[in-house]
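Enquirer: Please find one structure pasted underneath; my questions will follow.
Just so it is clear, none of the values below were taken in a lab; they were calculated from the coordinates. These numbers come from a predicted model, not from an experiment. Positions of Cβ are backbone-derived with ideal geometry, glycine not excepted, and every protein chain shown enters the neighbour counts.
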Amino acid sequence: MLVVIAHAIETVLLVTGVVALIRCAFQYASRTENWHQLNVVLFHVQSLSREEMKWWYIAMFSLILGGIIRVLTMVLFT
């Protein structure tokens, strides 16, 4: 039962992280009208606006926490 709960939490966090990162990328592309350099969202974070940074931090926090839960689930329940 605990494995199922951990897997559900992990999935929700990872999906939330990906959706937040996509939202950040779309906000950046809409603001700059530069749809060809979306790698800025991942590698040149200092050029993001305050609102885009908020979504970037949410994405990174969710992805890292989801990854930690994934590793803990593999270590503890395998």
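Enquirer: What is the one condition in (1) assigned to a loop (DSSP other than H, G, I, E, B); (2) of a type outside the set (F, W, Y); (3) surrounded by 13 or more Cβ atoms within 10 Å (Cβ to Cβ) that A29 does not satisfy?
Expert: All conditions are met except number (1).
Enquirer: Determine whether the stretch 39-58 contains at least one residue that is under 30 Å from L76 (Cβ atoms) and in contact (Cβ under 8 Å) with a residue 40 or more places away in the chain.
Expert: Yes, there is a match, as at least one residue in the stretch 39-58 is under 30 Å from L76 (Cβ atoms) and in contact (Cβ under 8 Å) with a residue 40 or more places away in the chain.
Enquirer: Moving on. Residues L38, L65, L72: which one is surrounded by 11 or more Cβ atoms within 10 Å (Cβ to Cβ), not in a helix (DSSP H, G or I) and not small (G, A, S)? Let's see the steps before the verdict.
Expert: Details: L65 fails: not in a helix (DSSP H, G or I); L72 fails: not in a helix (DSSP H, G or I).
Unique residue meeting the criteria: L38.
Enquirer: Same structure, new question: List the pairs whose first member sits in the stretch 11-22 and is under 16 Å from T73 (Cβ atoms), whose second member is of a type in the set (V, I, T), and whose Cβ atoms are under 8 Å apart, counting only residues at least 6 apart or on separate chains?
Expert: L13/I69
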